[in-house]
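Let me begin by presenting the structure, written as structure tokens, before commenting on it.
Read the figures in this text as sums done on the coordinates, not as results from a lab. What you see is a predicted model; the values in this text were computed from it and never measured. As a convention, Cβ positions derive from the backbone with ideal geometry for all residues, glycine included, and neighbour counts pool all protein chains shown.
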Amino acid sequence: MNREAQDHVAAPPLPPAAVDEHFFAWNGVGFLLPVSWELSFCDLQRGVTSVAHEDDCDRRLEAEWLVPDSVPAQDKVQQRFQQQARAIAEKATAVLPIAGIDDAWTAHEYHLGDAAAQQPPRGAAAAQQPLRGGAAAQQPPRAGAAAADPQPLRGGGVAAVLVIAYRLPQGPGEPMALFRLHFPAGSREVPAVVMRLLCRSFRWWSAGEAPWQFYDVAFALRRDFRLAATALQAGRKLLQFEWRLRRLYVWHFSLAELMLAKQSVEAFCADFLRQSKLLPVPRWTPMPDGGLTYRRRRLHFFGQFEEIGRCCFKYYAWCHHDPARNQIALWVMHYRCAADLQQLPAAIRPGSGHFAP
């Protein structure tokens, strides 16, 4: 199978999102969420991807997933899940199974009192046991719909609800996932509806190009590139990937009109890269006809040591201004030979626009 065909292997279509929903995609997995839930935490340890989402006030979602070496036994997973959830079930005023979801999923609502419904601290890791390797016939209402029959508290108001769900792989190469969804007292979102939305829209990519969508960032990249580091700051997001000792840096800058008021996108990107300490060897300059080029700092010891260790001595840069998103995208690849650049998306490769040799 040729490389162009591999880019489209097992690529499920993205689910449509309503006005009050948005699609989140990260490290080979994607799903729909309420539009106010945004990424607040991410981690990758020993093959387990962990993310958390928050709204303006509280943590709302904690998720973990991995691709196990073999399909785990369903009865063993259920037994472990029941043991871990026993303490929560004892504190809950009601435990309700969520129906209308795919057979791969198991989900329950835990209706909690005030003491049991406390949220984990913002910015902290999810307080849950990590995963370790070893759609309904009727269309449900949207995730932002108001609850019809909320569970009342004894002292008045609406009870907090914790939803715990897990997904078992149905075949080799499928992810195993664990989700915790928090619905604080007074939340207008229906827990079962949000959970059905997540299950119905759940997608994964084991090969070819997979989407990355979070905040105002959206791009696709081959699964051969493994996420190595992140730096998600206000106005500037960086994802660093690795593939066979090659490195790929993907930056997205917001508020582009402020940065491009007195300079071109190439001049901005060249100035940014000159100040960055991630790539000390190349010194970038904009080309007259667009794009970026570089010359080497020949006496930079640490940069040369990194190049020798990776046996990679070439660099490629691509930059683009997206007026619709008011955003600047900057891709830089540290690579070995020209064939390595064919791993990049077609729109990013040499000959597609801005080019640096």
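The table that follows gives values for the structure above.
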| quantity | calculated |
| --- | --- |
| Chain lengthening between GLN263 and GLN233 when straightened (0.36 nm per residue, less Cα-Cα) | 8.5 nm |
| Other-chain or far-sequence residues with amide H under 5 Å of LEU232's (modelled H) | LEU238 |
| Listed peptides 195-203, 334-342, 30-38, 85-93 by packing density, highest first (mean Cβ within 10 Å) | 195-203, 30-38, 334-342, 85-93 |
| Cα-Cα P(r), segment 159-256, percent of pairs per 10 Å interval | 12, 30, 33, 22, 3, 0 |
| Partners for LYS237 among lysines (Cα-Cα distance below 30 Å; same-chain residues under 8 apart left out) | LYS262, LYS277, LYS314 |
| Whole-angstrom Cα spans of segment 223-343 along principal axes, big to small | 40, 32, 25 |
| At R0 = 35 Å, FRET efficiency that the Cβ-Cβ distance of ILE308 and THR285 yields, to 0.05 | 0.90 |
| FRET efficiency, 1/(1 + (r/R0)^6) with R0 30 Å, evaluated for ARG188 and ASP43 via beta carbons | 0.50 |
